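Engineer: Input: one structure, supplied below.
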Amino acid sequence: MRMIRRMAVWAAAGGLMLAMGGAGRGAQRTGSGAGAQAQQTVVPGLVPVVPRDERTISMEEEQAKMRNIERQKRLVEDTAKLLELANELKAEVDKSDKNTLSLDVVRKADEIEKLAHSVKERMKGD
């Protein structure tokens, strides 16, 4: 709650300083003379908003595509391993009888459960 109030005070102070043309304490003007295209008010403690250009946006989109490709590749690998483990578990259970259950079967079932949970979370989206 305190942090929210503090942020609101900083935002109000920043807005007031911008409205006054940066005449407040600690404000600095960047750029000088008639050659400066846009002047920016710098307020200590606030992060300036930088406009994103076309190149930055396309680079971010490319990175997102690469992350999705890598995520899909890991999903394919993990589901193949999950299938392999499930088949191994079935084979081991088929070999055992109704009175015996080996510790390896329990461990393999636990490994399958962890991997299945991991795949499920990755499918939701990292």
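Engineer: Check the range 47-62 and report whether any residue there is out of contact with any helix residue (DSSP H, G or I) (no Cβ under 6 Å at 6 or more places or on another chain), modelled with pLDDT of 75 or more and of a type in the set (A, V, I, L, M, F, W, C).
Structural biologist: Yes, the range 47-62 contains a residue that is out of contact with any helix residue (DSSP H, G or I) (no Cβ under 6 Å at 6 or more places or on another chain), modelled with pLDDT of 75 or more and of a type in the set (A, V, I, L, M, F, W, C).
Engineer: OK, next. Within the range 97-110, how many residues are modelled with pLDDT of 90 or more and loosely packed, with under 14 Cβ neighbours inside 10 Å?
Structural biologist: The qualifying residues number 2.
Conditions tested, residue by residue: (1) among the acidic types (D, E); (2) assigned by TED's automatic domain parsing to the domain that holds A109; (3) over 25 Å from V119 (Cβ atoms); (4) in a helix (DSSP H, G or I).
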position	(1), (2), (3), (4)
V47	no, no, yes, no
M59	no, yes, yes, yes
R67	no, yes, no, yes
E70	yes, yes, no, yes
K90	no, yes, no, yes
V93	no, yes, no, yes
K98	no, yes, yes, no
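Engineer: Next question, about the same structure. Here are some conditions: (1) β-branched (V, I, T); (2) under 37 Å from the mean Cα position of the chain (by Cα); (3) over 30 Å from K65 (Cα atoms). T79 meets all but one. Which one does it not meet?
Structural biologist: (3)
Engineer: Would you confirm whether any residue within the range 78-96 is at pLDDT below 85, at positive phi and not hydrophobic (A, V, I, L, M, F, W, C)?
Structural biologist: The answer is no, given that none of the residues of the range 78-96 is at pLDDT below 85, at positive phi and not hydrophobic (A, V, I, L, M, F, W, C).
The values are calculated or read from the model by the stated rules, or taken from the named source; none is laboratory data. Note that the structure is a prediction, hence the values are computed from the model and not measured. Positions of Cβ are backbone-derived with ideal geometry, glycine not excepted, and every protein chain shown enters the neighbour counts.
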